[in-house]
Amino acid sequence: MRIHEVRFEGSLLERGFWLYVWRVKQESREVLYVGRTGDSSSQFAGSPFSRLGQHLDLRSKATANMLFRNLKQGGFDPVRCSYSLFAVGPLYPEQETLSSHRKVRDLVAPLESALAWQLQADGYRVLGSHGKAVVAKSDMYEEVLRSFRAALKSEAR
């Protein structure tokens with residue numbers, strides 16, 4: 001029998017608009033997956049912790065398991081991989097109405113795309129589709145990018 005351990009800070013449970021990056025390794029191969037909470041399907045913005053289980057749902061009828069599906073398409077065996085999840089947020093709180101949710105979602109979505117494209121430009125293999133390469137020049141984006149770059153560099157050691 002093997003003991004498996006998962007550690008996290010309770011703040012990862014907070015609902016709102018987050019950006020996150022998964023680092024996935026299988027043997028000598030490594031990929032990143034960039035995502036966000038607060039998507040287009042509802043007015044809700046959950047936590048990265050709640051997305052963790054959804055992303056890796058192995059059931060054939062699962063619908064929110066984009067990381068799992070992208071790994072399979074990329075030739076990875078998700079059960080044989082090791083995972084690291086990095087998250088920044090909440091950048092904005094969960095919103096009360098669908099209208100206000102959409103306004104905030106439209107601020108966070110370009111940050112997600114820009115982050116994915118920049119990490120790819122930095123030499124990482126990034127899974128998934130992230131729309132057009134956008135330039136997200138803002139203090140928030142620059143801070144987010146610095147944070148993820150530092151976390152990825154630190155965790156690689």
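The values are calculated or read from the model by the stated rules, or taken from the named source; none is laboratory data. Predicted, not measured: the structure shown is a model, and the values here were computed from it. Using ideal geometry, Cβ is built from the backbone for each residue, glycine included, and neighbour counts are taken over all protein chains shown.
Looking across region 49-72, just one residue is of a type in the set (Gly, Ala, Ser), part of a loop (DSSP other than H, G, I, E, B) and under 29 Å from MET140 (Cβ atoms), and that is ALA64.
All conditions in (1) over 20 Å from LEU115 (Cβ atoms); (2) in a helix (DSSP H, G or I) hold for LEU12, with the sole exception of (1).
Scan SER60, SER40 and give me the residue that is under 26 Å from GLN120 (Cβ atoms) and surrounded by fewer than 21 Cβ atoms within 10 Å (Cβ to Cβ).
Details: SER60 fails: under 26 Å from GLN120 (Cβ atoms).
Exactly one of SER60, SER40 is under 26 Å from GLN120 (Cβ atoms) and surrounded by fewer than 21 Cβ atoms within 10 Å (Cβ to Cβ), namely SER40.
Give GLY89, GLY128, GLY123 a once-over and let me know the one that is surrounded by fewer than 20 Cβ atoms within 10 Å (Cβ to Cβ) and closer than 22 Å to SER50 by Cβ.
GLY128
The sole residue among GLY46, GLY75, GLY131, GLY123 that is of a type outside the set (Asp, Glu) and either under 24 Å from ARG15 (Cα atoms) or part of a helix (DSSP H, G or I) (or both) is GLY46. Whenever a residue of region 93-117 is part of a helix (DSSP H, G or I), its partners that are surrounded by fewer than 14 Cβ atoms within 10 Å (Cβ to Cβ) and at pLDDT below 90, lying with C-beta atoms within less than 6 angstrom and at least six residues away or across chains, give the pairs SER113/GLY131; TRP117/ALA133. Right, ARG23: closer than 17 Å to SER129 by Cα and out of contact with any strand residue (DSSP E or B) (no Cβ under 7 Å at 6 or more places or on another chain) or not? No, not satisfied. Name the single residue, out of those in region 9-34 being within 13 Å of the chain's Cα centre (by Cα) and within 11 Å of VAL88 (Cα to Cα), that is surrounded by the fewest Cβ atoms within 10 Å (Cβ to Cβ). It comes out as LEU12. Among residues of region 123-140 that are charged (D, E, K, R), those with a beta-carbon under 8 Å from a residue that is modelled with pLDDT of 85 or more and part of a helix (DSSP H, G or I) at least six positions away or on a different chain give the pairs LYS132/SER113. Sub-8 Å Cβ pairs linking a first residue in region 64-79 that is at pLDDT below 90 to a second residue that is among the charged types (D, E, K, R) and in a helix (DSSP H, G or I), at least 6 apart or interchain, are ALA64/ARG51, ordered by first then second residue.
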